[in-house]
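Trainee: Just passing along the structure, written as structure tokens.
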């Protein structure tokens with residue numbers, strides 16, 4: 001598995017897309033810092049970008065890579081290799097190279113700007129950690145979609161639909177249900193609703209670290225008590241990890257049974 | 001020359017004859033403040049030397065000057081009120097007063113001024129107190145440079161730092177108040193000046209006043225108070241250059257304005273409060289040159305607020321600039337700087353060419369269903385906010401700043 005991981009990783013490292021992705025984040029970081037002149041404000045803007053773009057790029061890239069390397073995968077399948085290691089290796093190769101582009105691309109300008117002397121370092125690390133989690137989650141979901149659909153067009157369609165669902169539609173439905181049931185106590189419901197969607201969960205985690213917790217005071221202490229404590233943080237990360245592990249299990253499961 | 005000499009001599013004689021100095025110390029003939037006051041004549045000076053004096057119910061019934069040297073400790077042993085001033089022209093200076101009695105029926109104070117004029121309370125340090133400085137039906141006095149550190153935990157069994165009741169023309173300056181119920185409390189007190197005070201970490205309000213007209217609040221700092229600052233039922237007050245910050249909580253406000261009319265709020269800084277200003281039933285108020293920085297809500301308008309004008313303020317990085325709960329708007333927003341403004345300025349006159357709408361649809365939704373706050377900054381919310389901005393349906397369509405500034409306003 002490690003060999004395939006290494007191969008996929010180097011293959012991607014050589015590809016143009018990784019550089020484009022890396023350059024995009026580098027540019028974003030530099031522009032934000034020099035326009036904003038304020039580290040913590042830049043972190044907020046960055047959050048908006050990360051919770052929207054990272055999942056989108058993760059999904060599209062994952063699907064694209066799977067379909068592109070199909071011939072190579074078939075070649076590998078002919079060798080005496082375990083199926084799970086082939087697909088897991090490919091998945092990790094994509095996910096890790098995307099994460100690396102993200103971390104380096106955003107990290108370099110911030111480090112040069114004086115991140116280590118700044119108090120925003122924890123906010124920024126949290127940002128990168130959730131960004132990495134989102135990459136892992138959405139690449140895994142993308143591989144799932146690609147494994148289940150032979151038809152490329154359909155695969156891409158589902159991938160975009162998935163992103164749309166979790167990034168936009170979910171929040172819309174969530175909002176509608178909260179408004180519809182506004183006569184009932186909703187603190188717990190909204191907490192659960194947030195936990196179930198990795199994008200919402202990441203957003204809330206970052207928001208709470210960015211001192212906007214002032215806001216949450218208004219709704220009753222529930223959110224703050226939950227997310228503000230170590231317990232809440234641990235639960236949130238467990239949820240995010242579950243979001244990584246479950247799709248990965250499905251990759252293994254599906255790839256074992258798949259007829260090529 | 002002769003006349004001058006005579007004049008000086010008269011003054012010198014007058015001083016030696018009338019204004020005697022009585023010293024109080026633990027080993028002197030006069031060893032308590034009470035004895036000293038009993039022996040003193042009008043306009044004498046009592047000097048209290050360093051030491052600890054266990055006294056309570058000290059009544060100052062003559063115009064005296066009481067000065068502490070090196071902060072002598074007056075210990076009330078929790079038995080009740082410590083010093084009560086009932087005469088005009090009294091000065092109390094430099095005492096360290098501790099252990100005021102606690103009561104559920106009487107408002108015991110470290111020092112109370114009742115029915116007097118021209119008093120001066122200064123350089124006191126008060127600790128372990130119930131009420132601190134209580135000015136009652138008095139006028140033309142000054143409360144200057146005191147330090148009041150309480151240990152209040154609950155609202156119902158704690159008192160206020162500086163309390164004014166039916167008083168007039170009192171100056172409260174350079175005081176430092178922490179950990180009491182209300183830092184500064186005014187009721188029925190007109191024409192007072194509250195200046196350069198710091199009131200923080202109080203259980204309830206940093207500043208609280210009701211039915212107090214024509215007062216001036218200037219250069220004060222109110223931070224970290226349980227519920228911020230609340231001002232109610234008052235007319236013609238002026239708030240200049242104060243700092244309201246970090247008042248966080250479910251019902252916490254930088255400033256809560258209720259039934260305040262014809263006020264002027266200028267040059268203040270509201271920073272990191274859950275709600276910067278909460279306005280209810282307040283009319284004809286001018287907000288000018290204030291900074292609203294990183295608040296949850298910069299301004300929350302609850303209702304029955306008419307003809308207020310918000311001019312040349314800076315709204316910087318607030319989660320919501322304005323929240324409004326009705327569709328009727330009679331307030332004016334003009335020439336403010338909004339950090340969330342996304343318009344352009346083609347003619348380069350420093351004023352944006354597109355009006356700014358400070359009320360977002362999401363703030364309207366959050367008003368209705370507070371739990372939806374969890375969706376703050378989500379992509380879906382940005383989309384509906386944008387569509388509301390393009391064609392307002394739920395928010396008042398005439399609520400906008402027609403001349404939004406392009407750059408932060410400096411004054």
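The values are calculated or read from the model by the stated rules, or taken from the named source; none is laboratory data. In this text, all values refer to a predicted model and were calculated from it rather than measured experimentally. Note that each Cβ is placed from the backbone with ideal geometry, even for glycine, and that neighbours are counted across all protein chains shown.
Trainee: In the list A:80, A:55, which residue meets the criterion of being in contact with a helix residue (DSSP H, G or I) (Cβ under 6 Å, 6 or more places away or on another chain) and within 30 Å of residue A:258 (Cα to Cα)? Break it down into steps so the answer makes sense when it comes.
Mentor: Working: A:80 fails: in contact with a helix residue (DSSP H, G or I) (Cβ under 6 Å, 6 or more places away or on another chain).
Exactly one residue qualifies, and that residue is A:55.
Trainee: Moving on to the next point. Considering segment B:311-338 alone, what residues qualify as being free of Cβ contacts under 8 Å to residues at least 60 places away in the same chain and under 28 Å from residue B:246 (Cα atoms)? Before you say what the answer is, go through the steps one by one.
Mentor: Residues of segment B:311-338 free of Cβ contacts under 8 Å to residues at least 60 places away in the same chain: B:311, B:315, B:317-321, B:323, B:325, B:330, B:332.
Answer for segment B:311-338, where residues must be free of Cβ contacts under 8 Å to residues at least 60 places away in the same chain and under 28 Å from residue B:246 (Cα atoms): B:311, B:315, B:317, B:318, B:319, B:320, B:321, B:323, B:325, B:332.
Trainee: Which ones in segment B:376-397 are surrounded by 17 or more Cβ atoms within 10 Å (Cβ to Cβ), at pLDDT below 85 and within 14 Å of chain A (Cβ to nearest Cβ)?
Mentor: B:376, B:377
Trainee: Out of the residues in segment A:42-82 that are touching a residue at least 60 places away in the same chain (Cβ under 8 Å) and not in a helix (DSSP H, G or I), state the one that is nearest to residue A:206 (Cα to Cα).
Mentor: A:69
Trainee: Continuing with this model, one more query. Would you check if residue A:135 is more than 14 Å from chain B (Cβ to nearest Cβ), touching a residue at least 40 places away in the same chain (Cβ under 8 Å) and assigned to a helix (DSSP H, G or I)?
Mentor: Working: more than 14 Å from chain B (Cβ to nearest Cβ): yes; touching a residue at least 40 places away in the same chain (Cβ under 8 Å): yes; assigned to a helix (DSSP H, G or I): yes.
Yes, satisfied.
Trainee: So residue B:55 passes all but one of these: (1) closer than 22 Å to residue B:116 by Cα; (2) under 36 Å from the mean Cα position of the chain (by Cα). Which condition number does it fail?
Mentor: (1)
Trainee: Of the residues B:408, B:360, which single one is within 30 Å of residue A:189 (Cα to Cα) and within 14 Å of chain A (Cβ to nearest Cβ)? Full working, then the answer.
Mentor: Working: B:408 fails: within 30 Å of residue A:189 (Cα to Cα).
Exactly one residue qualifies, and that residue is B:360.
Trainee: Would you please name the residue that is surrounded by the most Cβ atoms within 10 Å (Cβ to Cβ), looking only at residues in segment B:318-340 that are part of a strand (DSSP E or B) and away from chain A (no Cβ under 14 Å)?
Mentor: Here is the first cut: in segment B:318-340, the residues part of a strand (DSSP E or B) are B:320-324, B:332-334, B:337-338.
Cutting the leftovers down to away from chain A (no Cβ under 14 Å) gives us B:322, B:324, B:332-334, B:337-338.
Values: B:322: 26, B:324: 24, B:332: 14, B:333: 28, B:334: 14, B:337: 21, B:338: 24.
Filtering first and then ranking leaves B:333.
Trainee: Looking at (1) away from chain A (no Cβ under 14 Å); (2) closer than 30 Å to residue B:170 by Cα, find the lone condition where residue B:315 falls short.
Mentor: Result: residue B:315 passes all but (2).
Trainee: Another question about this same structure. Can you confirm whether residue B:299 is crowded, with 22+ Cβ neighbours inside 10 Å, away from every other protein chain (no Cβ under 14 Å), at pLDDT 90 or above and touching a helix residue (DSSP H, G or I) at 6+ places or on another chain (Cβ under 9 Å)? Break it down stepwise before answering.
Mentor: Values: crowded, with 22+ Cβ neighbours inside 10 Å: yes; away from every other protein chain (no Cβ under 14 Å): yes; at pLDDT 90 or above: yes; touching a helix residue (DSSP H, G or I) at 6+ places or on another chain (Cβ under 9 Å): no.
Against the criterion (crowded, with 22+ Cβ neighbours inside 10 Å, away from every other protein chain (no Cβ under 14 Å), at pLDDT 90 or above and touching a helix residue (DSSP H, G or I) at 6+ places or on another chain (Cβ under 9 Å)), residue B:299 does not qualify.
Trainee: Still on this structure, I have one more. Quickly run through segment B:280-296 and pick out the residues that are crowded, with 24+ Cβ neighbours inside 10 Å and in a strand (DSSP E or B).
Mentor: Listed by number, the residues that qualify are B:287, B:292.
Trainee: Go through the residues of segment A:94-101 one by one and say whether even a single one is farther than 19 Å from residue A:9 by Cα, more than 14 Å from chain B (Cβ to nearest Cβ), touching a residue at least 12 places away in the same chain (Cβ under 8 Å) and in a helix (DSSP H, G or I).
Mentor: Start the filter on segment A:94-101 by keeping residues that are farther than 19 Å from residue A:9 by Cα, which leaves none.
Checked against the condition, which is being farther than 19 Å from residue A:9 by Cα, more than 14 Å from chain B (Cβ to nearest Cβ), touching a residue at least 12 places away in the same chain (Cβ under 8 Å) and in a helix (DSSP H, G or I), segment A:94-101 yields no hits at all.
Trainee: State whether one or more residues within segment A:144-159 are part of a helix (DSSP H, G or I), within 14 Å of chain B (Cβ to nearest Cβ), out of contact with any helix residue (DSSP H, G or I) (no Cβ under 6 Å at 6 or more places or on another chain) and closer than 25 Å to residue A:94 by Cβ.
Mentor: Residues of segment A:144-159 that are part of a helix (DSSP H, G or I), as a first pass: A:144-148, A:152-159.
Next, from what is left, pick out any that are within 14 Å of chain B (Cβ to nearest Cβ): none.
Checking segment A:144-159: not a single residue is part of a helix (DSSP H, G or I), within 14 Å of chain B (Cβ to nearest Cβ), out of contact with any helix residue (DSSP H, G or I) (no Cβ under 6 Å at 6 or more places or on another chain) and closer than 25 Å to residue A:94 by Cβ.
Trainee: Confirm whether residue B:343 is more than 12 Å from chain A (Cβ to nearest Cβ), in contact with a strand residue (DSSP E or B) (Cβ under 8 Å, 6 or more places away or on another chain) and free of Cβ contacts under 8 Å to residues at least 40 places away in the same chain.
Mentor: no
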